[in-house]
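Peer 1: Can you read through this structure? Questions will come right after.
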Amino acid sequence: MNKTLSRTFRSLAVRNFRLFAVGQVMSVGGTWMMVVAQDWLVLSMTGDSATALGLVTALQFTPLLLLTLYGGRLADRYDKRRLLTIANLVSGALAAVLAVVVLTGAVQLWHVYLFALGLGTVNAVEVPTRMAFVSELVGADLLPNASALSAAYFNTSRVVGPALAGVLISQFGSGPVMLLNAVSYLATVLALRMMRPAELHRIAAGSRAGAGVADGLRYMRSRPDLMLPMVLVGVVGLFGFNFQLTLPLIAKTVYHADASAFGLLATALGIGSLVAAFVTTARRGRPSALTVIGAALAFGLLETLTGFAPDLASAVVMLVLTGFATMYFAQAANHRIQLGTDPQYRGRVMALYTLIFQGSTPLGALFVSLLSERLGARSGLYVGGLISLAAAAVALAVVRTRREEPGEGSPCARSPRARSSRPGRRRDVHGRRGESVRVLGPRQMARPGERHP
């Protein structure tokens, strides 16, 4: 039992990651409370308008669509800890301003729109920087475990935050909840400033590859093993991952429930995601393409069934299962992409991942809002699930036509640096399915400027 626990939480032995995790649990908890408070406020102000809620969601994620690649460029060029500190301070200030406007009773819908746009702009830098920063905290060997634990604390907050927000909104309204969110950003800022910079696994400034956005896109184009999960993430994220919009609509218009029930639905989704996050902490290497596709198939099926849940209780049960498939797919795709990427390009590749995964949300939100207005709130779930199923089936057909997957098994596979290395440092081995896999020697596995463990 002790060995199992030590394997599950082994990244927490790293002091810097431990600080980061504690700060994130508090901050992300506030963020999920804010999501519920903001959505409920918009529905209350607009008479349950799906269009207004979709517009808020679109405004919050449009900057991710437009600016995330440049955010990834910043992450690859500048100190990530400093960037994250600034981003969290600005986000906290924005949340505090909106909280004051709501508490004073002066709030109008355009205030919420403006806040969503501002927060989305900050997130265009914060999200890819945070994702790339995890590898600096723990190094390549612990990255799968640290990434899974990050998902675990994210979903711990996702379970607690909406449930607590539902109770607080029912008792005190949205304003106090928004104020709590503003204060919660300080936890991440404090954790970042308490870290020991000398213990970060950084790339030496002089050894970085070309830091332009175009360089990152050319690198991605040369990696078909990264392109397939990236495209699948794009389709599933666009049509399937719209729970921020579908859940409040279903709670109010299908089950005719209050804020507490909405919080219960969001909590159910979070519980399933949390379990999946802990399951993936056992992952030690890069997942296969079939693992990613299988998870997408399961997600599409479960989301479709959730869309037809006859009552609130059955919806809660189905959302637990859907939440598990959601997180398992997201983690499998994330690990396959991140562990297959040269560290010098990781910020830009993860920015592209963020752009595709979250930047597509404005389009998805508008699609779901229009669909819900015409076919009802349930359609946002079952149509998204069916499209996700179809995308996964196409991806499976593509993989089955390939006899081998290029770049398998190497975190630096097919990078310009790896291709220019001396051939004496490579050796060919055979993977589990018999494909030829290129494995790097210990010196090449260590990043420039980093001590080899």
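The values are calculated or read from the model by the stated rules, or taken from the named source; none is laboratory data. Since the structure is predicted, the reported quantities are computational estimates derived from the model, not experimental observations. Glycine gets a Cβ as well: all are built from the backbone with ideal geometry, and neighbour counts include every protein chain shown. Quick note on the areas: whole protein, heavy atoms, side chains included, nothing else; ligands and nucleic acids left out. Shrake-Rupley method; radii C 1.70, N 1.55, O 1.52, S 1.80 Å.
Peer 1: Quick one: compute the contact order of the stretch 1-144, relative version, from alpha carbon pairs under 8 angstrom and 6+ residues apart, as a percent.
Peer 2: 35 percent
Peer 1: Please list 3J(HN,Hα) in residue order for the stretch 270-279, calculated via the Karplus relation 6.51 cos²θ - 1.76 cosθ + 1.60 where θ = phi - 60°; whole Hz, with x for glycine and proline.
Peer 2: Those phi angles translate into x, 4, x, 5, 5, 4, 4, 4, 5, 4 Hz.
Peer 1: Roughly how many Å is it from the Cα centre of the stretch 17-94 to that of the stretch 342-403, as a whole number?
Peer 2: Distance between centres, Cα-based: 20 Å.
Peer 1: Please turn the phi angles of the stretch 44-49 into ³J(HN,Hα) values with the Karplus equation 6.51 cos²θ - 1.76 cosθ + 1.60 (θ = phi - 60°), one per residue in order, whole Hz, x for glycine and proline.
Peer 2: 5, 6, 10, x, 6, 7
Peer 1: Another question, if that's okay. At 1.4 Å probe size, put ILE293, ILE271 in order of accessible surface, largest to smallest.
Peer 2: ILE271, ILE293
Peer 1: Note down the nm distance, to one decimal, between modelled labels 7 Å out along Cα→Cβ at LEU396 and at ARG82.
Peer 2: Computed distance between label sites LEU396 and ARG82 equals 5.0 nm.
Peer 1: Quote to one decimal, in nm, the extra length available between HIS256 and LEU305 on full extension: 0.36 nm per residue of separation minus the C-alpha distance between them.
Peer 2: Difference between extended and current length: 15.6 nm.
Peer 1: Further question on the same structure: Over the Cα atoms of the stretch 243-356, each weighted equally, I'd like the Debye log10 I(q)/I(0) at q = 0.13, 0.18, 0.21 Å⁻¹, rounded to two decimals.
Peer 2: The computed values of log10 I(q)/I(0) come out as -0.57, -0.91, -1.08.
Peer 1: Here's a follow-up. Could you tell me what percent of the accessible area of the stretch 249-383 is made up of carbon and sulfur, with a 1.4 Å probe and every protein chain present?
Peer 2: Heavy-atom surface of the stretch 249-383 belonging to carbon and sulfur, 1.4 Å probe: 72 percent.
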